[in-house]
Structures are given as C-alpha cells and as structure tokens.
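Here is the structure we will look at.
Every read-out reported here was derived from the displayed coordinates using simple, explicitly stated rules and does not represent laboratory data. As the structure is a prediction and not an experimental result, all values here were calculated from the model. Note that each Cβ is placed from the backbone with ideal geometry, even for glycine, and that neighbours are counted across all protein chains shown.
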Amino acid sequence: MSDRLDVFVSVVIPFEKPDEIRPAVLRKLAEILHSNFRYSEIVIVGSSHDHGWELVRETVSGCENARLLLLSRRASFHIKVFAGLETVIGSHVVVLPPDQPPHTIFPDIIQQCCQGYDILYGVNRSAGQRGLRKGTIYRWLGRVFHWYVSSYAQIDIVSDITDVRCISRRALNAITSIPNGYQHFRHFSSVVGFASAYFHHTPSPRSTRRRPLDLVHEGAGIVVENTTHPLKVMAWVCGTLALAAVAATLWVILAGGYRLPAGLSLLAGSCAVAALLALALGMRYLAVLVERGRPIPPYYIQDELEGVQTTAQTDELNVVQESLAAAGASGSLH
C-alpha cells in the first residue's frame, strides 16, 4: 500500500433511479479508491422522492467510506452534484455518473489533476465514431453554439464534454461560494478562473444519449446565465423593424392609399414575430432574475446515511482536520 497517492479523494455520484447504483460497481469503486489513494470517500446523492431509494440505502450501508445524501425535494442532476460538492472534505473531488465504470477513470484522472490542474473536464474520446449524432447538422450547430458562447459570453466549452469532473480543493471552495453555482457545471473554470484541462475517456453508452430538447434547454440556459447579448441583438432587430414599419406607414399615407402591398404585409408580420420573440426572450431573462432572487435554497438534505468507515487510523494524519483547516483558511468553507 506504500505506492498509494497521499491524497484524499472524494467521489460524488448523483442518481435518479435506484438501479443505477449497482452493488458490484460500488464495491469495485471502493476497492480501486482504497488501492490507489491513502484516503477516500464516496458520496451518493439522490432524492427522497425517487422510488426505491431504500435499495440504495442497503447498498451504501455495506460499502466502505460511503455516504448517502437524500434531498427533500426532487432535483436536477446538477443540483444533486452541487449538494454533494458542498459536503465533501477531500483534497480532490471527482463527479462520477452512476453508470460510468470506475476503472476507466481511476487513478488516471487524479494523477492528471495533480500535475497542476484545478479542474478537469471529461471528454468523450470516441465522439467521432458516434455516426448520426455527429452528422453535418449536429456538427455545424455545435460549432455555431461554441463560437457564440466563446465570442460573446467568454466561455470556453469543448465539444463532446461528459459529466465527469475532477476538482481540486481550492477550486471547489471557489465554486461552492458562487450563488446558484450548479448552473455553471459545464464551465466552472470560465467562472472561477483556475487552471483547467481535459480528461479523455470512454463514457458509458447510456450517458451519451441525450435528447435534442435537453441540449437546446441547456444551451439556452448557458447563454442566458452568462451574457445579455441576445437582448441587445433583439433590441436592434425590433428597433429596425419598428422604424421600417413607421416609414412604410408614412409612405402609404402620403401615397394616398390605405391598402398595404404584399411587401408591407410581410413587414408587418415580421414585426409581430420579432415582438413575440422579444417577449419570450425577455421572460426567459426575467425568470433567471426571479430564480436568483428567491430566498429558498435549491435543495435541503432530508437524510444522511453512512456506510462502513475505515478511513480513520491511529498512525495516519487527521486528514479531515487538515482539509477543514485548509478550507477555512481560504475563507470559503461550505
């Protein structure tokens, strides 16, 4: 065991369905962590409203250094991740989807993070082999979106990013100090500014299947959360159409007629469409402001269960106390 890395690795696993937490996979993860790192913990996060979470409770109760967090309300994947991030005490934290085989991630991701990076983003190494999903339309839409957020929101988002993350303690302290920080899961480094890199791995087939509507919703959320450029563009478009409509109306009146030609009818329709788009966009930004101003936290922890504890040993350093001291020194302990 002398070749184990002298780090404390925390693993956050959010789940939605109880069958995602498989006992054999969890035991394998605990074995890999214990074999490669001096200290480790596994934090599994779900909702008390998820049916069958009692099965997960039984699985966690027999796993080494594992904890189960049950949130009192239904929550999204990103909120569950953030709930886990705010409770871990490790020097390095890995966000791991429940269906990701642990041997494809550990110990390589921790070794790479220890080379001077604070945030590692998982990237699908086999993305170019996914066929239709990487067709011409998908590829060009992705390029346009990445160009837009890079140019106007100053956010660098790599293509084919997965849900795997590795975060250092100092980066985690900064991330958890951000209000509604779960909304920045895709681009933590662009918000906190720490050194980042990419970890290429093969994700599970289940995690690569995402509905187009989910991608559109997530992309719109990233844009609205980080830039007001769409509002400025829509203001210019609406203003231009309004001036054109006024000019057309004056031209019709001065010409002595009151029947709009086909071209002017098209202009009137364009103004109506632009007004509706502006209203929808304004409501989207208003929803963000209302959500930010809500005094209600995005989650509450209803219950917590600990599994078998083996981390504490009399001849080793109190790494928990050291982690807490280091976090307190940075002024951002959560």
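General observations
- Around S40: net Lys/Arg minus Asp/Glu count, Cβ-Cβ under 11 Å: -1
- Peptides ranked, highest mean first, by Cβ atoms within 10 Å: ranges 77-86, 144-153, 244-253: 77-86, 144-153, 244-253
- Among 115-123, 17-25, the order from most to least packed when residues are scored by Cβ within 10 Å on average: 115-123, 17-25
- Couplings 3J(HN,Hα) for the stretch 22-33, derived from phi with the Karplus relation 6.51 cos²θ - 1.76 cosθ + 1.60 (θ = phi - 60°), are 9, x, 5, 5, 5, 5, 5, 4, 4, 5, 5, 5 Hz, where x marks Gly and Pro.
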